[in-house]
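Here the structure is laid out as structure tokens; the discussion comes afterwards.
The values are calculated or read from the model by the stated rules, or taken from the named source; none is laboratory data. None of the values given here were measured: they were computed from a predicted structure. Here the Cβ positions follow ideal geometry from the backbone for every residue, glycine too, while neighbour counts run over all protein chains shown. The area values use the complete protein model at the heavy-atom level, side chains included, leaving out ligands, DNA and RNA. Shrake-Rupley method; radii C 1.70, N 1.55, O 1.52, S 1.80 Å.
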Amino acid sequence: MRSSASASLALDEAIDVTRTGDVWLFRGRSVADRAIQVSTNSPVNHVGMSVVLDDMPPLMWHAELGRSLPDLWSGAHQRGVQLHDLRAAVQVWGQRYGQRAWLRQLQPPVTPAMEDALLRTVARLDGTPFPSTARLAAGWLRGRLPVRRPGPPEADLESAFCAEVVATTYESMGLLAPGRRASWYDPGRFWSGDELGLAQGFALGGEIAVDLAVDPAVDPAQSPPQD
């Protein structure tokens, strides 16, 4: 696990060290970014999760309004819950959306059983729609209620915000104790200033800033438009 005292990593270095379960946090300054930060009372507006399995390239599991990249589970460009090439996703968020990025590393490494639970969650949630801002705010308020109704962690998700996807996946993997509504989680819950309270002795390290310097060989504008 890298310490946050190391200050920053280049994107290539961050991708090289990331493992399944690590989280990526993003903060932007656009009106939409600020709306998410304010409506969820969060210092960041987006969170995604690393998926690094066998000889596959590192992937990012998250939810977003855009459809800039192909979803690697369905093979289509879609809005909502998506599985993307991690490098391409971080470059789009950094270069096209103008976001700052941080990596938090999960320790110890996840088990094969957790990886299986992750893949089952991807199969269930991939393609779930992204909520409107109004539904996002209403869901955040409902999430302040202490207990959700009985059922699997994804049962409440008619639409899914990024933090709900990561939290639901963590719960399915046994990293979070059950009982919270998915909408209780916002991106700020995955920031180190908030105690997430992981189970089974797991913990997330401090934030490592990731240098998203523009790569002249990458042109995110060539991706399909977000709207």
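Of the residues making up the stretch 109-124, those that are open to solvent by 10 Å² or more (accessible area, probe 1.4 Å) and farther than 19 Å from Leu204 by Cβ are Pro112, Ala113, Asp116, Leu119, Arg120, Ala123, Arg124. When residues in the stretch 27-56 are screened for being of a type outside the set (A, V, I, L, M) and at pLDDT 95 or above, 2 of them pass. Would the stretch 95-108 turn up any residue that is at pLDDT 95 or above, assigned to a loop (DSSP other than H, G, I, E, B) and surrounded by 16 or more Cβ atoms within 10 Å (Cβ to Cβ)? Looking for residues that are at pLDDT 95 or above, assigned to a loop (DSSP other than H, G, I, E, B) and surrounded by 16 or more Cβ atoms within 10 Å (Cβ to Cβ), one finds at least one in the stretch 95-108, hence yes.
On the stretch given as the stretch 1-22, residues that are part of a loop (DSSP other than H, G, I, E, B), modelled with pLDDT of 95 or more and open to solvent by 20 Å² or more (accessible area, probe 1.4 Å) total 1. Just to be sure I understand the filter: pairs with C-beta atoms under 9 Å, separated by 6 or more residues or on different chains, first member in the stretch 191-214 and at positive phi, second member open to solvent by less than 50 Å² (accessible area, probe 1.4 Å) and among the small types (Gly, Ala, Ser). Which pairs pass? Matching pairs, first to second residue: Gln200/Gly174.
The set of residues from the stretch 73-125 being β-branched (Val, Ile, Thr), closer than 14 Å to Met60 by Cβ and free of Cβ contacts under 8 Å to residues at least 60 places away in the same chain is empty.
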